[in-house]
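Below you'll find the structure, written out as structure tokens, and then a few comments.
The values are calculated or read from the model by the stated rules, or taken from the named source; none is laboratory data. Worth saying up front: this structure is predicted, and the values here are computed from it rather than measured. All Cβ positions, even for glycine, are placed from backbone atoms using ideal geometry, and neighbour counts span all protein chains on display.
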């Protein structure tokens with residue numbers, strides 16, 4: 001019933017892949033470059049306070065990660081809705097144009113048939129005039 005053109009299919013595939021990656025990222029945990037890997041016991045123990053003013057809080061970066069994820073998820077869902085609405089509008093427009101083209105073709109056919117009938121009637125009148 002509905003047929004996607006090549007560009008729409010490519011964008012739909014790209015959207016689905018990016019959405020899958022977006023929702024798979026929280027499940028799969030990758031080692032982060034910012035997080036130190038466990039090693040042997042350090043020889044020097046830092047004496048700084050854990051929440052010193054010049055040190056960023058780990059809680060802040062976690063909330064930023066969640067905010068970024070939520071923002072990405074919302075953008076992805078809004079893009080999906082936009083794609084669906086745009087595609088539906090395009091299909092409806094094509095359906096209307098197709099119906100209009102069919103009506104115009106039928107109208108032209110009936111006009112052509114009327115013209116043929118009128119032409120035959122004129123030819124018959126001319127033949128009758130010539131016979132007289």
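Observations, loosely collected:
- The conditions of being farther than 23 Å from residue 12 by Cβ, surrounded by 10 or more Cβ atoms within 10 Å (Cβ to Cβ) and either at pLDDT 85 or above or in contact with a strand residue (DSSP E or B) (Cβ under 8 Å, 6 or more places away or on another chain) (or both) are met by residue 125.
- Candidates 16, 4, 12, 77: the one that is at pLDDT 60 or above, surrounded by 10 or more Cβ atoms within 10 Å (Cβ to Cβ) and in a loop (DSSP other than H, G, I, E, B) is 4.
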